[in-house]
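Notes to accompany the following structure.
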Number of protein chains: 2
Amino acid sequence: MALVVVGGVAAGLSAAARARRLDARLPIVVLEKGPVVSYGACGLPYLIEGRVREAADLIVHTPEYFRQERNIEVRTGARVAAVSHPRREVELESGERIRYDRLILATGARCDTSAIAGADQPHVFALHTLEDAERLRAFLRDRRPRRAVVIGAGYIGVEVADALSRNGLRVTILERGADVLLRDDGPFSDAVRRTLETHGVELRCGVDVESIEPDRVAGAPCDLVVVAAGFKPNVDLATSAGVAIGRTGAIAADDHMETNVHGIFTAGDCAETMHLVSGRPAWIPLGTTANKTGRVAGANAAGGRERFAGVVGTSIVGIFGTAFATTGLSVAQARAEGISPVSARIDSLSRPRYYDGVNTTVELVADGATGRLIGGSVIGEDGAAGRINVIAAALHARMKVEDFAAVDLAYSPPFSTVWDPVLIAAQQLSKQL
Amino acid sequence: MALVVVGGVAAGLSAAARARRLDARLPIVVLEKGPVVSYGACGLPYLIEGRVREAADLIVHTPEYFRQERNIEVRTGARVAAVSHPRREVELESGERIRYDRLILATGARCDTSAIAGADQPHVFALHTLEDAERLRAFLRDRRPRRAVVIGAGYIGVEVADALSRNGLRVTILERGADVLLRDDGPFSDAVRRTLETHGVELRCGVDVESIEPDRVAGAPCDLVVVAAGFKPNVDLATSAGVAIGRTGAIAADDHMETNVHGIFTAGDCAETMHLVSGRPAWIPLGTTANKTGRVAGANAAGGRERFAGVVGTSIVGIFGTAFATTGLSVAQARAEGISPVSARIDSLSRPRYYDGVNTTVELVADGATGRLIGGSVIGEDGAAGRINVIAAALHARMKVEDFAAVDLAYSPPFSTVWDPVLIAAQQLSKQL
């Protein structure tokens, strides 16, 4: 028995570590195409900002650590060119072949810039790997750009815009769609826009960038461009091995993170997961899910029998100190899933006014037919993460709004109001059900 | 039809306001024995601390507000001496009688100092009403005491100790029991002790105070004493009206907050509530529960049919900037309920180290027989409220540890680690089940 893992960041190394825990003797090889493994990719914007001082601060473990402490062989610069499942072999670009009994595809995702002309210019960057971040930092330091365009208003796009703005650049974000942060949710997008604009970052939606000129993009002058759009799962290897791709375009997997090809598992940003609210496969590439699916894939590839419960799509992003958090379905997303949504949106204080409470916006969405809570969002500078997580737990438990409104949440003036904003929102929503 | 509410703080006024919403014409009278109504009692320690500048900042609404805006008659200084249910009358100390059809007893709780000799000295204070707080503030200002003894290490006791310490006093807390914050939980109490001691507050447990001497209590020298012990529900009026008292010593009520006497409802600190984890009535007097039970009692007294879901005993207290939060049952409490508990305690970072993460301690407790999550505690300076609330939601949903470990919580470096501390604790606990 031998396990080969393709991909050495969150999912791949979670898988390898978990497999090792279950089987102390299994030969495990992790193949990473890049020069480093095991880094906190979600920390890259903070490396650009300067809050994280050195790239090394984002590296959790080195290949040596895995070799010595975990008996896992981690190879960097090892790009897999092909998978031959009949022969149970991966072939590296170097021509080297490595046999496996079980294979885990943790090939991640990428920004596909192929549709954008001029994306290969030296002032154009992605922010997907530690190398990307180091290159961008060097550019900021050496070239001192003054105006930046960020293409894409997803998580990375707005985080990079924040980071560049804090470095003194004037930033314009160009987004193809009408909404931001991957949420089909007008009021939420409006709130993001207001926060960005308050801090001098311009957001232009409905702008489909086809080319990057040397000194401007879609009319916006700039001497730096970050492409944070066109995010796609890396599925070529999977396809070449006969692994089925799901309706979302990512690798389809069952709840053991096994693909349609027996013995090939998948995890992380390249994989579909089950959305527990819609009941349908979704592609929501996030670090949390990468770690969780990695664990499950690793356990099962090592002969275990673990199950990935699925996602509810919880996410949070900090923009100039305000948290924008979502979980489950927005009103528009619910409609797209054939649900008749009912929603309530409230503004309330995060804490008593006498204890420096600040405004918190909570929206909750219910299935009008069943009264079940199906989604929500929280916006605020104080306690938003905890509040979205309470909603996320309720989604996992398939709670009705009525029951959610009764949850016994903690209260003390330094932490919340006696009626927490999420409960006020639940009460409002209850009245409409 | 007429509604009389005895008690004009959180529960009583929640009840009156809710009754008014359901019935625009119902005559409603609220009788409050003190001089002010509708104040945030949980804010009193912050008035002592000085963070809240004036008592008026804690007052939410005045009697005039209720009269003019809600058509509710709120009478202060109106102490009820007796209830005659056969005649449907309350009798005030003044001799005045007021008729009711429905009665809500929101009589609250008190510190019973009758067992302590010398509690009537001028340097001895309680901190239960706004008047108490104002008297204590005046004493601090005028007498400049240097050493304080706080009797009782419940929420109010530790909050007052914190507040006095921040005013420059040396503080000793004397607690009769072995544990603090009403939690039978050794490691949790130890953590509270360490935080208190780090900030110069001495905690002595197992000290049963029988008398307060002019310059010392139980050997601890002091020129100020705050009694925050002997907390008891005010049930005399209820008893006189033939209302049954529950096993906890508080007023027994059904899930409509109606007592055994048809037409008499109860709410707030004087009332028992159903503990959803133990399945037994509990007396956990907290502001959140007072507001919730008040709403339900008010609705039902006005002819509605609402239900109080019960509590899981969630609470939080801030001590010198560190949150100590609990919900459900501790290991010892579970044993006392006949459950065989299994628990896991972990220390983890609240956020990545590169984003200023600080230590967070999470303990989770499960029922070893069923694998169900039955309680937990969270200690930390960052995000503890949100984390305890996620556990509380899981208790309401009767989640198993295994399912709780899979909850899709939000992650981004400014807010948490990729594996949130509560998930790490759940994983640890899962291994033992």
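With respect to the conditions (1) open to solvent by 10 Å² or more (accessible area, probe 1.4 Å); (2) touching a residue at least 12 places away in the same chain (Cβ under 8 Å); (3) within 26 Å of A:Ala138 (Cβ to Cβ), A:Pro45 falls short on a single one, namely (1). For A:Ala297, the test of being in contact with a Ser or Thr (Cβ under 8 Å, 6 or more places away or on another chain), within 13 Å of chain B (Cβ to nearest Cβ), surrounded by 18 or more Cβ atoms within 10 Å (Cβ to Cβ) and farther than 29 Å from A:Phe415 by Cβ is failed. Residues in the stretch A:94-101 include none that are touching a Ser or Thr at 6+ places or on another chain (Cβ under 8 Å), open to solvent by less than 60 Å² (accessible area, probe 1.4 Å), farther than 30 Å from A:Arg141 by Cβ and touching a residue at least 24 places away in the same chain (Cβ under 8 Å).
In the stretch A:157-164, is there at least one residue being surrounded by fewer than 22 Cβ atoms within 10 Å (Cβ to Cβ) and either free of Cβ contacts under 8 Å to residues at least 24 places away in the same chain or touching a Gly at 6+ places or on another chain (Cβ under 8 Å) (or both)?
no
If only residues of the stretch B:361-413 that are over 24 Å from A:Phe308 (Cβ atoms), in a strand (DSSP E or B) and open to solvent by 10 Å² or more (accessible area, probe 1.4 Å) are counted, the one that is nearest to the other protein chains (Cβ to nearest Cβ) is B:Ile379.
Can we say A:Tyr355 is facing another protein chain (nearest Cβ under 8 Å), touching a helix residue (DSSP H, G or I) at 6+ places or on another chain (Cβ under 8 Å) and open to solvent by less than 30 Å² (accessible area, probe 1.4 Å)? So A:Tyr355 fits the description; yes.
For the stretch B:115-141, filtered to residues that are of a type in the set (Asp, Glu), open to solvent by 40 Å² or more (accessible area, probe 1.4 Å) and part of a helix (DSSP H, G or I), the residue that is nearest to B:His61 (Cα to Cα) is B:Glu131. Just one of (1) open to solvent by less than 30 Å² (accessible area, probe 1.4 Å); (2) β-branched (Val, Ile, Thr); (3) outside the structural domain of B:Trp283 (by TED's automatic domain parsing) trips up B:Val261, so point out which. Result: B:Val261 passes all but (3). Candidates are the residues of the stretch A:423-433 that are touching a strand residue (DSSP E or B) at 6+ places or on another chain (Cβ under 8 Å) and crowded, with 24+ Cβ neighbours inside 10 Å; the one that is nearest to the other protein chains (Cβ to nearest Cβ) is A:Ala426. Considering the stretch A:308-336, and only residues there that are part of a loop (DSSP other than H, G, I, E, B) and of a type in the set (Ser, Thr, Tyr), the residue that is farthest from A:Glu159 (Cα to Cα) turns out to be A:Ser330.
Inspect the stretch A:183-190 for any residue being under 23 Å from A:Gly328 (Cα atoms), open to solvent by 40 Å² or more (accessible area, probe 1.4 Å) and in contact (Cβ under 8 Å) with a residue 12 or more places away in the chain and give the result as yes or no.
yes
If you go through the stretch A:305-340 and pick out every residue that is surrounded by 24 or more Cβ atoms within 10 Å (Cβ to Cβ) and at positive phi, you end up with 2. Summed over the stretch A:21-55, residues that are in a helix (DSSP H, G or I) and closer than 24 Å to A:Leu286 by Cβ total 11. I'd like to check something: does the stretch A:276-292 contain any residue that is touching a residue at least 40 places away in the same chain (Cβ under 8 Å), out of contact with any Cys (no Cβ under 6 Å at 6 or more places or on another chain), open to solvent by less than 10 Å² (accessible area, probe 1.4 Å) and within 11 Å of chain B (Cβ to nearest Cβ)? Looking for residues that are touching a residue at least 40 places away in the same chain (Cβ under 8 Å), out of contact with any Cys (no Cβ under 6 Å at 6 or more places or on another chain), open to solvent by less than 10 Å² (accessible area, probe 1.4 Å) and within 11 Å of chain B (Cβ to nearest Cβ), one finds at least one in the stretch A:276-292, hence yes. The residues on offer are B:Val83, B:Val37, B:Val74, B:Val30, and the sole one that is buried (at least 23 other Cβ atoms within 10 Å of the Cβ) and at pLDDT below 95 is B:Val37. In the set (1) open to solvent by 10 Å² or more (accessible area, probe 1.4 Å); (2) more than 7 Å from chain B (Cβ to nearest Cβ); (3) under 26 Å from A:Ser189 (Cβ atoms), A:Asp420 fails one condition alone, (1). Among the residues making up the stretch A:102-112, those that are closer than 26 Å to A:Glu131 by Cα and either in a strand (DSSP E or B) or open to solvent by 40 Å² or more (accessible area, probe 1.4 Å) (or both) are A:Ile104, A:Leu105, A:Ala109, A:Arg110, A:Cys111.
Among residues of the stretch B:324-337 that are more than 10 Å from every other protein chain (Cβ to nearest Cβ), those with a beta-carbon under 6 Å from a residue that is open to solvent by less than 50 Å² (accessible area, probe 1.4 Å) and acidic (Asp, Glu) at least six positions away or on a different chain give the pairs B:Ser330/B:Asp185.
The values are calculated or read from the model by the stated rules, or taken from the named source; none is laboratory data. Here the structure is a predicted model, which means the values were calculated and not measured. As a convention, Cβ positions derive from the backbone with ideal geometry for all residues, glycine included, and neighbour counts pool all protein chains shown. When the accessible area is computed, the model is the full protein with side chains, heavy atoms only, and any ligands, DNA or RNA have been set aside. Shrake-Rupley method; radii C 1.70, N 1.55, O 1.52, S 1.80 Å.
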